[in-house]
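Inspection log for the structure reproduced underneath, given as structure tokens.
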Amino acid sequence: MSRQIVIAANWKMHKTSEQARAYIQQLSKQVELAPNELVFLAVPATSLEAAASAAAGTSVVVGAQNMHDAEKGAFTGEISANMLKAAGAQFVVLGHSERRHVFGEDDAFINRKLHRAIDSGIRPIVCIGETLEQRKSGATERTLKQQIEQSLKGITAEQLTTVIVAYEPVWAIGTGETATPEMAQEAHAFIRKTLAELWNQDAANKVVIQYGGSAKPANAAGLMAQADIDGLLIGGAALEADGLLQIINNTHPIVSES
Ligand code: PEP
């Protein structure tokens, strides 16, 4: 079945508003997307407004890297879904491994954020993935199933179809180590099977499942050729527009000029 393709760059804690504008101007001028393909940029909250206005009227979709689950209140330093939306965010990354492992976020918190994002009309990208220890001890599938059950708890099948799941093995993020296309496909197929068991096959077939973890121009095509890989979530290699453009171009079939 043909699903949407979503190629997303995660800028992490990089880029001022001015740098965001320059990146988006270059990207939007040069990018050529397939009809069912979207390009997402997860930008720092301070660059959201500038990025959203630079992306207006282009094919570039701007979103945020994190949010709080509460509607408002005494949460110093936090940002709500409504604030993100007002600043121009169309999607939000939830449960990125750096949020889970550096800032101690658990599945219950991520689940509350997910519900708030959906209720606020912001498309969620929910990140899941095993650590190296979990992979080595044969706990990859158990870990993924538990993260899916807990972080996606309580949503309807219809809501599920709007969620993007990013499979990001923790050992591959920012390390230069990439899952082979076969390893990634195996995990993605397991994720889709689990979604079908917990909701239904029809909804699971519609879910965009991205791979993230040291994706780059050299490995993007091999990953994207897999049946259950519907997009990429890219950190380091997409920090410059040239890198993201190269990844997008490399994943497209070569069109003969003759
Ligand atoms: C990420 O930040 O989600 C990520 C996958 O980073 P990198 O591509 O640098 O591994």
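The values are calculated or read from the model by the stated rules, or taken from the named source; none is laboratory data. Computed from a prediction, not measured in an experiment: that's the story for all the values here. Positions of Cβ are backbone-derived with ideal geometry, glycine not excepted, and every protein chain shown enters the neighbour counts. Only protein heavy atoms, including side chains, enter the accessible area calculation; ligands, DNA and RNA are left aside. Shrake-Rupley method; radii C 1.70, N 1.55, O 1.52, S 1.80 Å.
What number of residues within the stretch 218-230 satisfy the criterion of being within 12 Å of the ligand (Cβ to nearest atom) and farther than 12 Å from T178 by Cβ?
0
I need the full set of residues from the stretch 29-46 which are away from the ligand (no atom under 16 Å from the Cβ) and buried (at least 17 other Cβ atoms within 10 Å of the Cβ), in order please.
Across the stretch 29-46, the qualifying residues are V31, E37, L38.
Restricting attention to the stretch 177-202, report how many residues are touching a residue at least 40 places away in the same chain (Cβ under 8 Å), crowded, with 16+ Cβ neighbours inside 10 Å and under 23 Å from Q150 (Cα atoms).
10
Checking L33 against (1) under 20 Å from the mean Cα position of the chain (by Cα); (2) without any contact (Cβ under 8 Å) to a residue 40 or more places away in the chain: exactly one of these is not met. Which one?
Tallying (1) under 20 Å from the mean Cα position of the chain (by Cα); (2) without any contact (Cβ under 8 Å) to a residue 40 or more places away in the chain, L33 fails exactly one: (2).
Quick one: is A52 within 28 Å of A189 (Cβ to Cβ) and either at pLDDT 95 or above or open to solvent by 70 Å² or more (accessible area, probe 1.4 Å) (or both)?
Spelling it out, it is not the case that A52 is within 28 Å of A189 (Cβ to Cβ) and either at pLDDT 95 or above or open to solvent by 70 Å² or more (accessible area, probe 1.4 Å) (or both).
Name, by its number, the condition in (1) in a loop (DSSP other than H, G, I, E, B); (2) more than 18 Å from the chain's Cα centre (by Cα); (3) closer than 25 Å to E182 by Cβ that does not hold for T143.
Only one criterion is unmet by T143, namely (1).
Keeping to the stretch 156-176, report how many residues are crowded, with 21+ Cβ neighbours inside 10 Å and either assigned to a loop (DSSP other than H, G, I, E, B) or away from the ligand (no atom under 16 Å from the Cβ) (or both).
Counting residues in the stretch 156-176 that are crowded, with 21+ Cβ neighbours inside 10 Å and either assigned to a loop (DSSP other than H, G, I, E, B) or away from the ligand (no atom under 16 Å from the Cβ) (or both) gives 4.
What number goes with the only condition from (1) in contact with a strand residue (DSSP E or B) (Cβ under 7 Å, 6 or more places away or on another chain); (2) within 16 Å of the ligand (Cβ to nearest atom) that R100 does not pass?
Just one mismatch for R100, condition (1).
Could you tell me which of the residues I128, I79, I122 is open to solvent by 30 Å² or more (accessible area, probe 1.4 Å), on the phi < 0 side of the Ramachandran plot, aliphatic (A, V, I, L, M) and in contact with a strand residue (DSSP E or B) (Cβ under 8 Å, 6 or more places away or on another chain)?
I79
So H252 fits all but one of (1) within 16 Å of the ligand (Cβ to nearest atom); (2) surrounded by fewer than 18 Cβ atoms within 10 Å (Cβ to Cβ); what number is the exception?
(1)
Condition (residue is out of contact with any Cys (no Cβ under 8 Å at 6 or more places or on another chain), over 30 Å from Q19 (Cα atoms) and hydrophobic (A, V, I, L, M, F, W, C)) applied to the stretch 230-252: is it met by at least one residue?
Within the stretch 230-252 (the criterion being out of contact with any Cys (no Cβ under 8 Å at 6 or more places or on another chain), over 30 Å from Q19 (Cα atoms) and hydrophobic (A, V, I, L, M, F, W, C)), the answer is no, since none of the residues qualifies.
Collect the residues in the stretch 94-119 that are crowded, with 24+ Cβ neighbours inside 10 Å and either β-branched (V, I, T) or out of contact with any Leu (no Cβ under 9 Å at 6 or more places or on another chain) (or both), keeping them in residue-number order.
Selection gives I110 alone.
Scan the stretch 57-76 for residues that are under 28 Å from E32 (Cα atoms), in contact (Cβ under 8 Å) with a residue 12 or more places away in the chain and open to solvent by 50 Å² or more (accessible area, probe 1.4 Å) and report the count.
2
Would you say L233 is touching a His at 6+ places or on another chain (Cβ under 9 Å) and within 20 Å of L94 (Cα to Cα)?
Here the answer is yes, as L233 does meet what is asked.
Take the residues of the stretch 1-45 that are assigned to a helix (DSSP H, G or I) and basic (K, R): which is farthest from G57 (Cα to Cα)?
By that ranking, first place goes to R21.
Just wondering, is there one or more residues in the stretch 206-217 that are open to solvent by 50 Å² or more (accessible area, probe 1.4 Å) and within 16 Å of the ligand (Cβ to nearest atom)?
yes
Restricting the first residue to the stretch 108-130 and requiring it to be over 15 Å from G212 (Cα atoms), which pairs with a second residue that is among the acidic types (D, E) and open to solvent by 10 Å² or more (accessible area, probe 1.4 Å) meet a Cβ separation below 6 Å and a spacing of at least six or different chains?
Close Cβ pairs satisfying both conditions: R112/D69; K113/D69; R116/D69.
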